[in-house]
Amino acid sequence: MKWERAAWRVIQVLTVLGGGVALARLDWVRVVPSAQYLATSLGRSWVLAMLAMLVGGAAAVPLALLRTYGGRGPRFLAAGVIELVRATPELMVIFWVYFTLPLLTGSGVSAWNAALAALAAIAAASLAEIIRGGLFSVPHGQHEAARALGLRPVAIFLRVVLPQALRNMLPALIAQLVALFKTTSLVSAIGVADFFRAVSVTNNAVYAPGALYTVLGAGYFVSCWAITQVVRRFDNRYQPAD
């Protein structure tokens, strides 16, 4: 109805105006001098998330293939690694790599390397299950039809199974990218100067929690939105199968 649409528009306008007034009242003067430091730390979070996704993705592929096509032993081993990481809180994985791994290896590890290794392990476990689910989503009849055409197993996987699996994996991959970027906030616990830690350090120095944590929320929101938009560029090619 017309009055409902009009009322909704009024609510939207009032919300925007109210939000603008609230933001204008925050102590931005104390935040502006730290803008470059905060922007640099946000870039550091981006670098950490992308590197972890690349390393984790490279590790996830063999894990998924072993769990899908391997023998009983390899399947059991891959499943054990995946479920161990997935069942452990992310912060505990970070602490284990940073504090426990040096005790086992006898050599120290920097906070950055520990954060990268932990996030890569978290990404690998989740991506392996996404890949496995995508492979299982391809109907078995596709395999049989490809074999009937005389295609070899490798050709069947690369030309028949993988393209269809990618279509089905895309929504889960977007969600995992966003989740991993948000998980980078946990590495501040071991001293990595990521975006979350930079905001906390700045707030301890100038004490402007309203403005700074608004910047923090906006930074994560814009970053996660940008990730979804970039990945969705592939939608025209990888639309979910009907």
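Helix 162-183 versus the longest principal axis of the chain: what angle, 0 to 90°, nearest 10, using Cα atoms?
Taking Cα atoms only, the helix is inclined about 30 degrees.
Place the peptides 27-34, 106-113, 60-67 in order of packing, highest mean first, counting for every residue the other Cβ atoms within 10 Å and averaging per peptide.
With the highest mean Cβ count within 10 Å placed first, the list reads 60-67, 27-34, 106-113.
Would you compute, from DSSP H runs of 4+ residues alone, the mean residue ellipticity of the chain at 222 nm, taking -39500 (n - 2.57) per run and dividing by the full residue count, rounded to the nearest 500?
About -25000 deg cm²/dmol.
So how do V222, V192, V55, V97 line up by other beta-carbon neighbours within 10 Å, fewest first?
Ordered by Cβ neighbours within 10 Å, fewest first: V222, V55, V97, V192.
Tell me the net charge near F181. Cut-off is 13 Å between Cβ atoms, F181 excluded, with +1 for each Lys or Arg and -1 for each Asp or Glu.
Computed value for this residue: 0.
Contact order normalised by length for the chain, with contacts defined as Cα pairs under 8 Å and 6 or more residues apart; what percent is it?
Over the chain, the number comes to 28 percent.
Ranking E90, E144 by Cβ neighbours within 10 Å, fewest first, what do you get?
Ascending Cβ contact count within 10 Å gives the list E144, E90.
All of the numbers you see were taken from the coordinates with simple rules; none came from a lab. Note that the structure is predicted; figures quoted are calculated from it, not measured. As a convention, Cβ positions derive from the backbone with ideal geometry for all residues, glycine included, and neighbour counts pool all protein chains shown.
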